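Computed from the coordinates by the stated procedures, all read-outs in this text should not be read as laboratory data. All of these numbers come straight from a predicted model, not from anything done at the bench. Virtual Cβ from ideal backbone geometry, glycine too; neighbours counted across all protein chains shown.
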Amino acid sequence: YWMYGDYTSVDCVFQIAIISFANSIIFTCLYKATTVDCGRSPLFNRQQDEDDGGSAKMICHFCQAYRKDHFVHHCSTCGHCIEMMDHHCFFLGQCVGRGNMKYFMQFCYYISALLVYGNFRVLRFFYT
């Protein structure tokens, strides 16, 4: 009653539908960002390297993973090499890299959009 007036109004049902839909999208993006592989490089296999002709590939000196190019970085927190690593996110519990960057950015966008929407709703209450 405090924010929406009458609980049976169409506006209240509309607001609950918007917030429920936004929350379902946010939790879906969060689930995808935490479960999708972040882009870990495969570990170095000497037998496989000899089968490939022993080509000189870049290998991480921390975790012995293949470094395909210069866009692979070693994360000191989780101990893996991540392709196109952005950062290690403690909220997700893993790195944000090539594999889950899309879902992480969607998660951040939808959280921001819901916060802006909620702020406008609260400001509308105080200024009307």
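For R67, what residues show an amide H to amide H distance below 5 Å, using hydrogens built from the backbone and excluding near sequence neighbours?
Correct list: M58, I59, C60.
Give me the distance in nm between label points sitting 7 Å out from Cα along the Cα-to-Cβ direction at S76 and C12, one decimal.
According to this spin-label approximation, the distance is 5.5 nm.
Could you check the simple spin-label distance between L115 and N23, using points 7 Å along Cα→Cβ, in nm with one decimal?
Simple spin-label model gives 1.9 nm for this pair.
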